[in-house]
Amino acid sequence: MGNYNNMAFLVLALVGFMFLSKANGAIHYYDFHLQETNFTRVCSTKSILTVNGTLPGPTITVNRGDTAFINVHNQGYYGLTVHWHGVKNPRNPWSDGPENITQCPIQPGTNFTYEVIFSNEEGTLWWHAHSDWTRATVHGAIVILPAAGTTYPFATPDAQETVILGSWFKGDVMEIIKEALANGGDPNVSDAFTINGQPGDLYSCSNGTAYRWLVDYGKTYLLRVINAVMNEEQFFAIANHTLTVVAQDASYIKPITTSYIMITPGQTMDILVTANQPPSHYYMASHSFMDGTNVSHHNGTTTAIVQYNGNYSTPSITPLPTLPAEADSTAADNFTKQIRALASEEHPIDVPLEIHSRIFMAVAVNERICPNSSCDGPDNNALSASLNNISFVIPSVDVLQAYYQGTNGVYSSNFPDNPLNPYNYTGNVTSSTIYSDFGTRARMIGYGEGVEIIFQGTNIIAAENHPMHLHGFSFYLVGTGYGNFDNTTSPKTYNLVDPPEVNTIGVPKNGWATIRFKADNPGVWFVHCHLERHTSWGMDTVLIVRNGNTTETSMLPPPAHMPPCSKS
Ligand code: C2O
Ligand code: CU
């Protein structure tokens, strides 16, 4: 019977369609146990918060398009959240993680399962705690392999390796930021940089404990480098070995052959390394890139050892790579300027050409007036930071919940498209520009809009490079420059052909950076500088992307058990 057959075909087709569109990727399950664990580094032992007792924490490995369920069990002493840095999590801000932005903290003795939905990310990302300074020890890699049946846009590497750059503090990180916010001064700088949790041979009491990467002569490796450092951008290199950078922030780029990279906190880079040197031991090393003057920061060098397998006599001297000098902004620019999207048929780009929302954001470190001029910051005031003269105040109930339920009084939707008080951003700034307003202001964006944000670095207090990060999206970096952004001349320099698609960009010191993206992910998305002390001081805001007209363009409903916002 014709009708019956047609019907059966339709049902089959529908089921097939649902299968293809929904259950495309595999599902993975992970258990994260947040627990206090003892570690000894740079001559001191302390208890730190870890995931499953390791530093860095476990690696999440998926194929492009998969979904991971991560059950976070908090066995520590304070509430905390986890963020999946660079994962867009389409329509699912409920699992994005920033504390009191998309959820309240997971309280000790409780657990919460994140549903992390991968879409077009391919390469390396990472996860980290997103509550105060807990990410110092609570972080790990996310490896996203090509989808089943597809391959890399380069010869398949023989093996892979992950290197996470981190910060080690002798003190308790939660206490360090609490104290700094209370007295208004700069937080203590870290006591070491680390590679995969180890400071390396150049730090005291660390000789012989450096991380070792064993390689076979002749093999080509895909080295995934993640900058999880708290407050410093980094140069990184491997002695005698050429680096071929092939991806940034889980998006392929045109290969760059270089002897060093500059990587900001939040960024990831995939690098091909061929073990083609005489079998021996070679150092990989990293120290900060810091072009700000009088900005307190850690200035040590962390090392790890690339050790060739085989029979040879252990070298008496292990060569160190030559890293650019700490303040060498030319070296940083020379590397960064080469980054262009692969923009191939298999990995196309889609830069919005029509812009509906254009937001100019002045990025500044500020002063906050201190009650009785008794603070440790400049002028006896407290250090502060802002976007468009507004220092972001983290609310006590998450913005996402307030938005979803229509609760008043948690945030306002009037984040301005220009600074409240425009000034000569990169000139000699006067006292009137030193202070900022305070508030929890969000910028509303319609679904599907083409969005352009111009981050303008400023010269207040201490000009420096700021790694700006946006949740929920990757975006195209279409242009950067020094000085004040110029409405006429600056846009003429934009690259709309093959700009890199990334989630974190370093805004040059006293310069600007323009990003573009399509607002096709409804939800509440945090924007902030990824230098942790700047985040803490208020260099943050929130973008709220409204739902579209269909279910497929609207936020998913919240999971059944979001962590409650007040502990009882
Ligand atoms: Cu990697 Cu809001 O963070
Ligand atoms: Cu910053």
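Here is how the numbers come out for the structure above:
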quantity	calculated
Test: residue in the stretch 210-229 that is within 19 Å of the chain's Cα centre (by Cα) and farther than 29 Å from Asn309 by Cβ	yes
Residue within the stretch 80-89 that is of a type in the set (Ser, Thr, Tyr), at pLDDT 95 or above and away from ligand 1 (no atom under 12 Å from the Cβ) present	no
Positions within the stretch 427-448 being in a loop (DSSP other than H, G, I, E, B) and either outside the structural domain of Val507 (by TED's automatic domain parsing) or more than 26 Å from the chain's Cα centre (by Cα) (or both), in sequence order	Gly427, Asn428, Val429, Thr430, Ile434
Filter result for the condition that a residue is within 16 Å of ligand 2 (Cβ to nearest atom), assigned to a helix (DSSP H, G or I) and crowded, with 16+ Cβ neighbours inside 10 Å, over Ala362, Ala332, Ala385	Ala332
Residue in the stretch 514-535 that is crowded, with 21+ Cβ neighbours inside 10 Å, within 16 Å of ligand 2 (Cβ to nearest atom), basic (Lys, Arg) and on the phi < 0 side of the Ramachandran plot present	yes
Residue check, Asn547 surrounded by fewer than 22 Cβ atoms within 10 Å (Cβ to Cβ), within 16 Å of ligand 2 (Cβ to nearest atom) and at pLDDT 95 or above	no
Residue in the stretch 347-359 that is over 22 Å from the mean Cα position of the chain (by Cα) and farther than 27 Å from Val527 by Cβ present	no
Residue match in the stretch 115-132 (condition: among the charged types (D, E, K, R), part of a strand (DSSP E or B) and not assigned by TED's automatic domain parsing to the domain that holds Asn521)	yes
Filter pass, Ser373 being touching a helix residue (DSSP H, G or I) at 6+ places or on another chain (Cβ under 9 Å) and assigned to a loop (DSSP other than H, G, I, E, B)	yes
Residue within the stretch 30-38 that is at pLDDT below 95, more than 21 Å from Ala210 (Cβ to Cβ) and either buried (at least 18 other Cβ atoms within 10 Å of the Cβ) or in contact with a Phe, Trp or Tyr (Cβ under 8 Å, 6 or more places away or on another chain) (or both) present	no
Count of the stretch 111-155 residues which are within 24 Å of Pro558 (Cβ to Cβ) and aromatic (Phe, Trp, Tyr)	4
Matching option when the condition is away from ligand 2 (no atom under 16 Å from the Cβ), part of a loop (DSSP other than H, G, I, E, B), at pLDDT 95 or above and not aromatic (Phe, Trp, Tyr), among Gly25, Gly57	Gly57
Residue that is modelled with the lowest pLDDT [pool: residues in the stretch 449-484 that are within 13 Å of ligand 2 (Cβ to nearest atom), among the hydrophobic types (A, V, I, L, M, F, W, C) and not in a strand (DSSP E or B)]	Ala462
Residue that is crowded, with 22+ Cβ neighbours inside 10 Å and either in contact with a Pro (Cβ under 9 Å, 6 or more places away or on another chain) or not in a strand (DSSP E or B) (or both), where the choices are Val306, Val295, Val229	Val229
Output for the stretch 350-368, where each listed residue is within 14 Å of Tyr476 (Cβ to Cβ) and touching an Asp or Glu at 6+ places or on another chain (Cβ under 6 Å)	Ile355
Hits in the stretch 449-488 - residues which are within 16 Å of ligand 1 (Cβ to nearest atom) and under 21 Å from Tyr425 (Cα atoms)	Ile453, Phe455, His466, Pro467, Met468, His469
Residues of the stretch 253-272 satisfying the condition of being assigned to a strand (DSSP E or B) and within 15 Å of Ser286 (Cβ to Cβ)	Thr258, Ile261, Met262, Ile263, Thr268, Met269, Ile271
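This table checks each residue for (1) closer than 24 Å to Glu532 by Cβ; (2) touching a residue at least 40 places away in the same chain (Cβ under 8 Å); (3) not small (Gly, Ala, Ser).
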{"residue": "Thr220", "(1), (2), (3)": "no, yes, yes"}
{"residue": "Ile226", "(1), (2), (3)": "yes, yes, yes"}
{"residue": "Ile261", "(1), (2), (3)": "yes, yes, yes"}
{"residue": "Gln267", "(1), (2), (3)": "yes, yes, yes"}
{"residue": "Thr274", "(1), (2), (3)": "no, yes, yes"}
{"residue": "Pro315", "(1), (2), (3)": "no, no, yes"}
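For (1) more than 16 Å from ligand 2 (Cβ to nearest atom); (2) of a type in the set (S, T, N, Q); (3) more than 23 Å from Gly457 (Cα to Cα), each residue gets a yes or a no:
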site: Thr244; (1), (2), (3): yes, yes, yes
site: Ala250; (1), (2), (3): yes, no, yes
site: Thr257; (1), (2), (3): yes, yes, yes
site: Thr274; (1), (2), (3): yes, yes, yes
site: Tyr282; (1), (2), (3): yes, no, yes
site: Ala285; (1), (2), (3): yes, no, yes
site: Met290; (1), (2), (3): no, no, no
site: Thr302; (1), (2), (3): yes, yes, yes
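The values are calculated or read from the model by the stated rules, or taken from the named source; none is laboratory data. These numbers come from a predicted model, not from an experiment. Positions of Cβ are generated from backbone atoms using ideal geometry, with glycine treated the same way; all protein chains shown enter the neighbour counts.
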